[in-house]
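Here is the structure we will look at, set down as structure tokens.
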């Protein structure tokens, strides 16, 4: 099975995030981009509270900090994690 890919082409930055939150985002993204890891597994590297927001559209969220989240969509067919929004609470 081919590794997972990361798509950040349409990400919406809702606000600036802290450097600690950015470190977690980088860790999450690097696990997917460099190692081809499924985003749901990549999120387990830290206390991310990974949760499915919409099962029909396969939209997920992880916590970067108390006030900042990442929202992403998972394409299980093509193995792509599409980051849609960063920053803020959803």
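Bear in mind these aren't lab numbers, they're just calculated from the coordinates by the rules spelled out. Predicted model only: the values in this text are computed from it and were never measured.
Taking 0.36 nm per residue of sequence separation and removing the Cα-Cα distance, the residue 67/residue 47 pair yields an extension gain of 5.8 nm. If I fit a long axis through the Cα atoms of helix 19-35 and take the longest principal axis of the Cα atoms of the chain, what angle between them do I get, 0 to 90°, rounded to 10? Helix 19-35 sits at roughly 10 degrees to that axis.
Taking a ≥ b ≥ c as the square roots of the eigenvalues of the Cα gyration tensor of the stretch 21-81, is the shape rounded (a/c under 1.5), prolate (a/b larger than b/c) or oblate? Oblate shape, in that a/c is at least 1.5 and b/c is the bigger or equal ratio.
Entry note, the stretch 11-75: relative contact order of 23 percent, from Cα contacts under 8 Å with a spacing of 6+ residues.
Shape class of the stretch 1-50 from the alpha-carbon gyration tensor: oblate, with a/c at 1.5 or above and b/c at least as large as a/b.
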